[in-house]
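Down below is the structure, laid out as C-alpha coordinates.
The values are calculated or read from the model by the stated rules, or taken from the named source; none is laboratory data. Model, not experiment: these values are computed from the prediction. Every residue, glycine as well, gets a Cβ built from its backbone with ideal geometry; the counts of neighbours run over all protein chains shown.
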Amino acid sequence: MRVARGFDVLGQAAAIPQSGRPSASRERLRREAIALARAEALVDAAYCYCIVPLAAPAAELLCAGGETLFAPWLLPASGQLTAIACAVCTLGPLLEKRVSELFAERRASLALALDGLGNELLFAISRRAQDRMQADVARRGLSMAGELRAGDPGLALDAQGAVLRLAQAETIGVELKPGHLMQPMKSTSMVLGVGIDLPAVHWSRCDTCPTRDKCAVVARAQSADPAGSALDAAQSA
(Lines give C-alpha, C1' and ligand atoms only; values in the text may rest on other atoms or scores of the structure.)
Protein backbone atom coordinates (compact mmCIF):
# COMPACT_ATOMS: atom_id res chain seq x y z
CA MET A 1 0.00 0.00 0.00
CA ARG A 2 1.26 3.48 -0.90
CA VAL A 3 0.18 6.77 0.66
CA ALA A 4 1.04 10.33 -0.40
CA ARG A 5 -0.10 13.61 1.13
CA GLY A 6 1.05 17.15 1.70
CA PHE A 7 1.88 17.88 -1.94
CA ASP A 8 1.00 21.26 -3.49
CA VAL A 9 -1.78 20.48 -5.92
CA LEU A 10 -3.20 23.99 -5.41
CA GLY A 11 -0.04 25.62 -6.75
CA GLN A 12 -0.24 23.38 -9.80
CA ALA A 13 -3.82 24.46 -10.50
CA ALA A 14 -2.96 28.14 -10.08
CA ALA A 15 -0.24 27.82 -12.73
CA ILE A 16 -2.61 26.43 -15.37
CA PRO A 17 -4.61 29.05 -17.30
CA GLN A 18 -8.30 28.52 -17.88
CA SER A 19 -9.20 26.92 -21.17
CA GLY A 20 -11.08 28.86 -23.84
CA ARG A 21 -11.95 32.48 -23.21
CA PRO A 22 -13.40 32.74 -19.71
CA SER A 23 -15.14 35.96 -18.78
CA ALA A 24 -13.41 38.49 -16.59
CA SER A 25 -15.79 37.66 -13.74
CA ARG A 26 -15.01 33.94 -13.97
CA GLU A 27 -11.29 34.64 -13.94
CA ARG A 28 -11.69 36.91 -10.92
CA LEU A 29 -13.78 34.37 -9.01
CA ARG A 30 -11.30 31.59 -9.72
CA ARG A 31 -8.44 33.77 -8.45
CA GLU A 32 -10.46 34.54 -5.32
CA ALA A 33 -11.20 30.84 -4.81
CA ILE A 34 -7.52 29.92 -5.14
CA ALA A 35 -6.49 32.71 -2.77
CA LEU A 36 -9.14 31.66 -0.24
CA ALA A 37 -8.11 28.01 -0.42
CA ARG A 38 -4.48 28.96 0.11
CA ALA A 39 -5.05 31.53 2.88
CA GLU A 40 -7.31 29.21 4.90
CA ALA A 41 -5.39 25.99 4.10
CA LEU A 42 -8.55 24.35 2.78
CA VAL A 43 -6.78 21.65 0.78
CA ASP A 44 -5.32 18.54 2.43
CA ALA A 45 -4.51 16.60 -0.73
CA ALA A 46 -3.89 12.89 -0.28
CA TYR A 47 -4.14 9.61 -2.10
CA CYS A 48 -3.53 5.97 -1.33
CA TYR A 49 -3.49 2.89 -3.50
CA CYS A 50 -2.88 -0.83 -3.44
CA ILE A 51 -1.97 -3.16 -6.28
CA VAL A 52 -3.84 -6.34 -5.37
CA PRO A 53 -3.08 -9.67 -7.11
CA LEU A 54 -6.03 -11.64 -8.45
CA ALA A 55 -6.85 -14.69 -6.35
CA ALA A 56 -8.09 -16.61 -9.40
CA PRO A 57 -7.67 -16.39 -13.19
CA ALA A 58 -9.25 -13.23 -14.62
CA ALA A 59 -12.97 -13.51 -15.35
CA GLU A 60 -15.90 -11.10 -15.46
CA LEU A 61 -16.08 -11.42 -11.67
CA LEU A 62 -12.64 -10.43 -10.40
CA CYS A 63 -11.54 -11.85 -7.05
CA ALA A 64 -8.78 -10.02 -5.19
CA GLY A 65 -7.92 -9.35 -1.57
CA GLY A 66 -11.02 -11.13 -0.32
CA GLU A 67 -13.30 -8.89 -2.41
CA THR A 68 -15.14 -9.47 -5.68
CA LEU A 69 -15.74 -6.90 -8.41
CA PHE A 70 -17.89 -7.36 -11.48
CA ALA A 71 -15.72 -5.43 -13.94
CA PRO A 72 -15.75 -7.15 -17.35
CA TRP A 73 -14.48 -3.97 -19.04
CA LEU A 74 -11.08 -4.60 -17.45
CA LEU A 75 -10.66 -7.95 -19.23
CA PRO A 76 -8.00 -7.32 -21.91
CA ALA A 77 -8.28 -8.29 -25.56
CA SER A 78 -4.77 -9.73 -25.26
CA GLY A 79 -2.10 -10.15 -22.61
CA GLN A 80 -2.88 -11.33 -19.10
CA LEU A 81 -4.70 -9.50 -16.30
CA THR A 82 -2.97 -10.48 -13.05
CA ALA A 83 -3.95 -7.77 -10.56
CA ILE A 84 -6.06 -4.66 -10.03
CA ALA A 85 -4.87 -1.26 -8.84
CA CYS A 86 -7.34 0.39 -6.47
CA ALA A 87 -6.85 4.02 -5.46
CA VAL A 88 -8.65 6.67 -3.42
CA CYS A 89 -7.97 10.42 -3.60
CA THR A 90 -9.26 13.22 -1.39
CA LEU A 91 -9.05 16.94 -0.69
CA GLY A 92 -10.01 16.47 2.95
CA PRO A 93 -13.11 17.97 4.60
CA LEU A 94 -12.27 21.66 4.90
CA LEU A 95 -12.96 22.86 1.36
CA GLU A 96 -16.46 21.40 1.17
CA LYS A 97 -17.22 22.84 4.62
CA ARG A 98 -16.14 26.29 3.45
CA VAL A 99 -18.32 25.99 0.35
CA SER A 100 -21.35 25.35 2.60
CA GLU A 101 -20.45 28.37 4.73
CA LEU A 102 -20.21 30.60 1.66
CA PHE A 103 -23.66 29.52 0.51
CA ALA A 104 -25.00 30.27 4.00
CA GLU A 105 -23.41 33.72 3.75
CA ARG A 106 -25.20 34.23 0.40
CA ARG A 107 -21.91 34.36 -1.48
CA ALA A 108 -23.08 31.82 -4.02
CA SER A 109 -20.78 32.89 -6.85
CA LEU A 110 -17.65 32.40 -4.76
CA ALA A 111 -19.07 29.17 -3.32
CA LEU A 112 -19.57 27.77 -6.81
CA ALA A 113 -16.10 28.89 -7.88
CA LEU A 114 -14.55 27.20 -4.85
CA ASP A 115 -16.55 24.04 -5.43
CA GLY A 116 -15.46 23.99 -9.07
CA LEU A 117 -11.86 24.49 -8.00
CA GLY A 118 -12.26 21.52 -5.68
CA ASN A 119 -13.39 19.31 -8.55
CA GLU A 120 -10.42 20.47 -10.59
CA LEU A 121 -7.99 19.74 -7.76
CA LEU A 122 -9.48 16.30 -7.19
CA PHE A 123 -8.99 15.54 -10.88
CA ALA A 124 -5.35 16.65 -10.60
CA ILE A 125 -4.79 14.38 -7.59
CA SER A 126 -6.25 11.48 -9.56
CA ARG A 127 -3.78 12.14 -12.37
CA ARG A 128 -0.92 12.24 -9.87
CA ALA A 129 -2.06 8.95 -8.32
CA GLN A 130 -2.33 7.33 -11.75
CA ASP A 131 1.18 8.47 -12.65
CA ARG A 132 2.53 7.04 -9.39
CA MET A 133 0.72 3.74 -9.95
CA GLN A 134 2.01 3.55 -13.51
CA ALA A 135 5.59 4.03 -12.30
CA ASP A 136 5.10 1.41 -9.60
CA VAL A 137 3.64 -1.09 -12.06
CA ALA A 138 6.41 -0.45 -14.60
CA ARG A 139 9.07 -1.18 -11.97
CA ARG A 140 7.48 -4.59 -11.58
CA GLY A 141 7.74 -5.22 -15.31
CA LEU A 142 3.96 -5.02 -15.71
CA SER A 143 1.53 -2.76 -17.58
CA MET A 144 -1.63 -0.93 -16.56
CA ALA A 145 -4.74 -0.14 -18.60
CA GLY A 146 -8.28 1.11 -18.24
CA GLU A 147 -9.97 3.22 -15.56
CA LEU A 148 -13.25 2.50 -13.82
CA ARG A 149 -14.98 4.36 -11.00
CA ALA A 150 -17.86 2.97 -9.01
CA GLY A 151 -21.15 4.26 -10.36
CA ASP A 152 -19.88 4.77 -13.91
CA PRO A 153 -20.64 2.42 -16.80
CA GLY A 154 -18.54 -0.71 -16.28
CA LEU A 155 -18.56 -0.75 -12.48
CA ALA A 156 -21.69 -0.68 -10.32
CA LEU A 157 -22.02 1.87 -7.52
CA ASP A 158 -22.30 -0.90 -4.93
CA ALA A 159 -18.67 -1.81 -5.68
CA GLN A 160 -17.59 1.36 -3.88
CA GLY A 161 -17.14 -0.32 -0.52
CA ALA A 162 -14.92 -3.05 -1.94
CA VAL A 163 -12.76 -0.51 -3.78
CA LEU A 164 -12.24 1.56 -0.63
CA ARG A 165 -11.36 -1.52 1.41
CA LEU A 166 -8.89 -2.74 -1.21
CA ALA A 167 -7.26 0.71 -1.40
CA GLN A 168 -7.23 0.97 2.44
CA ALA A 169 -8.94 4.34 2.20
CA GLU A 170 -9.14 4.70 5.98
CA THR A 171 -5.42 5.55 5.99
CA ILE A 172 -6.23 8.94 4.44
CA GLY A 173 -9.46 9.46 6.38
CA VAL A 174 -11.94 8.45 3.68
CA GLU A 175 -14.94 6.33 4.66
CA LEU A 176 -18.17 5.17 3.10
CA LYS A 177 -21.49 6.63 4.20
CA PRO A 178 -25.05 5.45 3.45
CA GLY A 179 -25.90 5.61 -0.24
CA HIS A 180 -22.34 4.62 -1.17
CA LEU A 181 -21.20 8.23 -0.67
CA MET A 182 -17.63 8.91 0.34
CA GLN A 183 -16.80 11.19 3.24
CA PRO A 184 -15.16 13.67 2.77
CA MET A 185 -17.33 14.29 -0.26
CA LYS A 186 -14.44 15.75 -2.25
CA SER A 187 -13.01 12.27 -2.67
CA THR A 188 -12.89 9.83 -5.55
CA SER A 189 -11.90 6.22 -6.14
CA MET A 190 -10.70 4.28 -9.17
CA VAL A 191 -9.84 0.79 -10.33
CA LEU A 192 -7.38 -0.04 -13.12
CA GLY A 193 -6.24 -3.33 -14.59
CA VAL A 194 -2.65 -4.52 -14.07
CA GLY A 195 -0.96 -7.37 -15.87
CA ILE A 196 1.38 -8.69 -18.51
CA ASP A 197 1.49 -7.00 -21.93
CA LEU A 198 -1.91 -5.35 -21.50
CA PRO A 199 -2.95 -3.51 -24.67
CA ALA A 200 -4.15 0.08 -24.70
CA VAL A 201 -7.92 0.11 -24.27
CA HIS A 202 -10.24 1.86 -26.68
CA TRP A 203 -12.96 2.78 -24.24
CA SER A 204 -13.31 5.43 -21.59
CA ARG A 205 -15.54 5.71 -18.55
CA CYS A 206 -16.62 9.04 -20.07
CA ASP A 207 -17.73 7.61 -23.43
CA THR A 208 -21.43 7.87 -22.64
CA CYS A 209 -21.28 11.33 -21.01
CA PRO A 210 -23.35 13.80 -23.08
CA THR A 211 -21.12 16.73 -22.04
CA ARG A 212 -17.76 15.03 -22.68
CA ASP A 213 -16.80 17.41 -25.52
CA LYS A 214 -17.57 20.44 -23.34
CA CYS A 215 -15.98 19.13 -20.12
CA ALA A 216 -13.95 21.95 -18.55
CA VAL A 217 -11.98 19.55 -16.37
CA VAL A 218 -10.80 17.52 -19.36
CA ALA A 219 -9.98 20.73 -21.24
CA ARG A 220 -7.84 21.88 -18.32
CA ALA A 221 -6.09 18.50 -18.25
CA GLN A 222 -5.29 18.91 -21.92
CA SER A 223 -3.81 22.34 -21.20
CA ALA A 224 -1.62 20.82 -18.50
CA ASP A 225 -0.61 17.85 -20.66
CA PRO A 226 -0.49 18.81 -24.36
CA ALA A 227 0.57 15.26 -25.27
CA GLY A 228 -2.88 13.95 -24.43
CA SER A 229 -5.96 14.33 -22.27
CA ALA A 230 -6.54 12.67 -18.92
CA LEU A 231 -8.87 10.28 -20.66
CA ASP A 232 -6.15 9.29 -23.12
CA ALA A 233 -3.73 8.78 -20.25
CA ALA A 234 -6.16 6.51 -18.46
CA GLN A 235 -6.78 4.54 -21.63
CA SER A 236 -3.18 4.04 -22.67
CA ALA A 237 -1.35 3.78 -19.32
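The condition of being out of contact with any Cys (no Cβ under 7 Å at 6 or more places or on another chain), basic (Lys, Arg), modelled with pLDDT of 95 or more and buried (at least 16 other Cβ atoms within 10 Å of the Cβ) holds for only one of 98, 38, 106, that being 98. Comparison of 35, 24 shows that the only residue that is within 30 Å of residue 171 (Cα to Cα) and among the small types (Gly, Ala, Ser) is 35. Checked against the criterion of being at pLDDT 95 or above and not polar (S, T, N, Q), the candidates 54, 10 yield just one match: 54. Considering 187, 126, 143, the condition of being of a type in the set (S, T, N, Q) and more than 19 Å from residue 51 (Cβ to Cβ) is satisfied by 187 alone.
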